[in-house]
Amino acid sequence: MGRSDPPLPSGGPVAHFQYSRSPRDRFWALFFLLTWLAVIAAGAYGVAHRNPAALTTDYTDPASCPLAPGHGRGLLARLQAKGPEFSPAQFAKLTGRWLAISAVLALGLGWAFIQLFKSHARAMTLATVYSQVLIPVAFGVALLASGATGASLLFFGLAGLAAFCFRLWRDQIQLATKLLGVSAHALAANSGVITTTLLLNLGGLLAIAPLGVLTAFALMNGEVVPNPAREGRTKCIDDQGHDVLCCTFEPNGFGKGYTGFASVVILWTMLLANQIRVFTTSGAVAQWYFAPPGLTSTRGTTLRSLKHALGPQFGSCCLGSLVLTVAEIMRSALENAQQRNNERELSLFTLIQCCLIAVAQCFWAVIEYLTKFATVMMAVTGEAFMDAGRRVTDLLARNLLNAFASTIWFTPLVIRTACFVLAAAWGGVTGGAYYALHHGNKLEATPGLNATLLGAAVYVIAQFILAFLGGILLSVLDAVFICWAIDKDSHTVSHPEVYAVLETVPLPGAVVEQPDGGIMYGAGQSGAPPQGQYQPPTVAQV
């Protein structure tokens with residue numbers, strides 16, 4: 001360890017969490033760096049050979065691209081054609097202060113979001129469940145009042161179906177409440193992961209930005225050609241008789257090839273930043289979970305985990321993100337194939353193809369989930385990516401598959417619904433307050449439209465903040481779940497408070513108890529676990 005590293009716990013290495021790491025998957029780290037540099041080098045070639053005509057050609061100039069005035073109008077033109085004139089300058093002047101204040105207060109809303117799940121997890125979970133029933137009911141009532149009886153029955157049916165499903169899932173809802181409460185406590189104890197995640201997102205943007213700029217320059221490699229929509233017509237119209245641009249810019253083979261290659265590397269880089277975030281969060285939470293009794297300080301745990309992610313296990317993060325990149329590309333290709341399949345007439349062949357596509361989509365979705373948990377496992381144990389993947393797959397398949405399938409999937413639904421409801425409520429309150437104070441102002445031409453746009457902007461900001469925190473909350477939950485699973489599999493209880501909450505998860509396996517009936521807990525137990533169970537890297541004897 002270097003001098004700047006945070007100190008290890010005084011009790012020495014703790015069971016399950018591996019503090020000393022050796023480099024893993026170094027080939028994939030080198031492969032990623034060389035690939036990223038190759039995109040930069042090829043982009044420099046694209047900049048040097050770009051065609052200036054891509055920017056200098058005036059596609060609306062009758063001398064080069066004759067074009068009759070188009071009939072289409074943008075959103076701004078349509079707004080100006082209806083009622084009083086909408087002024088973007090006036091909108092910015094009147095709502096700028098409101099938007100700035102609402103954005104700052106949205107940070108407080110994010111803090112309240114974490115505190116509510118920490119102290120009132122049951123109320124928050126039930127509120128999200130009820131909202132998914134009441135929102136369709138509200139739409140149904142509104143449609144019924146407007147005379148749209150058929151549409152209202154559809155929304156009432158959706159509300160009834162949601163209520164029926166939540167009634168069946170009441171055990172999962174109760175368990176999700178406990179899981180989210182534990183996750184919020186763990187995040188509060190490791191608040192440094194929020195700042196670290198912000199910095200990692202910024203770093204990811206800085207790594208992606210030059211690739212995006214170079215891609216734009218690469219698309220300037222080509223030439224100006226007649227618009228294919230004209231189909232050889234002398235007039236600049238399409239087959240429907242609508243006016244179109246006379247000319248367009250057609251990238252050459254290099255521009256198209258570079259764009260495809262750079263898009264894959266950009267996706268890989270984005271997912272790598274996310275993998276490092278998941279790794280860092282999981283490592284910090286694991287150090288908190290497996291800390292020796294009496295050690296409450298989490299100072300330096302996030303920094304230590306970040307150093308592991310950017311140091312000895314950077315290659316493992318690169319490999320994990322590459323797997324996710326392939327999975328994302330394959331799922332996107334399958335979705336496109338599904339869309340094309342839906343456009344064809346129904347036949348036995350299309351039915352079989354639809355079934356095969358659905359199976360393939362499920363396969364890649366499972367790969368993504370297992371990759372996520374493999375990242376959590378290697379953040380705890382320091383294993384290589386493939387070793388951690390095999391370990392966590394065996395762990396889930398042997399003991400925790402039921403819990404994984406019946407509980408973990410429900411918590412993201414609760415988080416996303418809570419984010420949407422809170423952000424929508426905050427945007428509605430802000431827009432409503434603005435309209436209440438400005439609707440009688442004769443100097444403002446469109447107070448209603450300004451209030452609507454302001455509310456929408458506030459909603460977007462609040463949704464971004466809450467979704468950001470919700471994503472961290474779910475990452476913390478994944479880490480706590482795997483740490484607890486390791487404890488269960490090795491017959492130890494490293495964090496009694498968390499165990500007391502999660503002991504109701506439905507999975508097989510005996511609980512290690514003392515003769516007087518109390519729960520045995522500590523860093524580990526003497527002897528090796530039963531054959532086939534998880535073996536921690538180091539086990540401190542109690």
Of residues in the stretch 283-303 being open to solvent by 40 Å² or more (accessible area, probe 1.4 Å) and not in a helix (DSSP H, G or I), the one modelled with the highest pLDDT: 299
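For (1) in contact with a Lys or Arg (Cβ under 9 Å, 6 or more places away or on another chain); (2) open to solvent by 40 Å² or more (accessible area, probe 1.4 Å); (3) of a type outside the set (S, T, N, Q); (4) more than 18 Å from residue 278 (Cβ to Cβ), each residue gets a yes or a no:
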residue: 181; (1), (2), (3), (4): yes, no, yes, yes
residue: 192; (1), (2), (3), (4): yes, no, yes, no
residue: 198; (1), (2), (3), (4): no, yes, yes, no
residue: 205; (1), (2), (3), (4): no, yes, yes, no
Contact list please: Cβ distance under 6 Å, first residue in the stretch 121-145 and farther than 21 Å from residue 170 by Cα, second residue crowded, with 16+ Cβ neighbours inside 10 Å, pairs at least six apart or on different chains. 139/155; 140/152; 140/155; 140/156; 143/152; 144/152
Of the residues in the stretch 373-395, those that are within 15 Å of residue 481 (Cα to Cα), surrounded by 21 or more Cβ atoms within 10 Å (Cβ to Cβ) and under 23 Å from the mean Cα position of the chain (by Cα) come to 373, 374, 375, 376, 377, 378, 379, 380, 392
Among the residues of the stretch 9-30, what is the count of those that are touching a Ser or Thr at 6+ places or on another chain (Cβ under 6 Å) and modelled with pLDDT under 50? 1
Restricting the stretch 241-262 to residues that are in contact (Cβ under 8 Å) with a residue 60 or more places away in the chain, open to solvent by 30 Å² or more (accessible area, probe 1.4 Å) and assigned to a helix (DSSP H, G or I), the one farthest from residue 212 (Cα to Cα) turns out to be 254
Here the residues within the stretch 304-333 that are surrounded by fewer than 18 Cβ atoms within 10 Å (Cβ to Cβ), out of contact with any Leu (no Cβ under 9 Å at 6 or more places or on another chain) and not small (Gly, Ala, Ser) are 310, 326, 330, 331
Test residue 6 against the stated conditions and say whether it is touching a helix residue (DSSP H, G or I) at 6+ places or on another chain (Cβ under 6 Å), at pLDDT below 60 and surrounded by 13 or more Cβ atoms within 10 Å (Cβ to Cβ). yes
What residue, of 319, 306, is modelled with pLDDT of 85 or more, closer than 19 Å to residue 472 by Cα and within 22 Å of the chain's Cα centre (by Cα)? 306
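The values are calculated or read from the model by the stated rules, or taken from the named source; none is laboratory data. Worth saying up front: this structure is predicted, and the values here are computed from it rather than measured. Reconstructed Cβ throughout: ideal geometry from the backbone, glycine too, with neighbour counts over all protein chains shown. Each accessible area value is taken on the protein alone, full model and side chains, heavy atoms only, with ligands, DNA and RNA left out. Shrake-Rupley method; radii C 1.70, N 1.55, O 1.52, S 1.80 Å.
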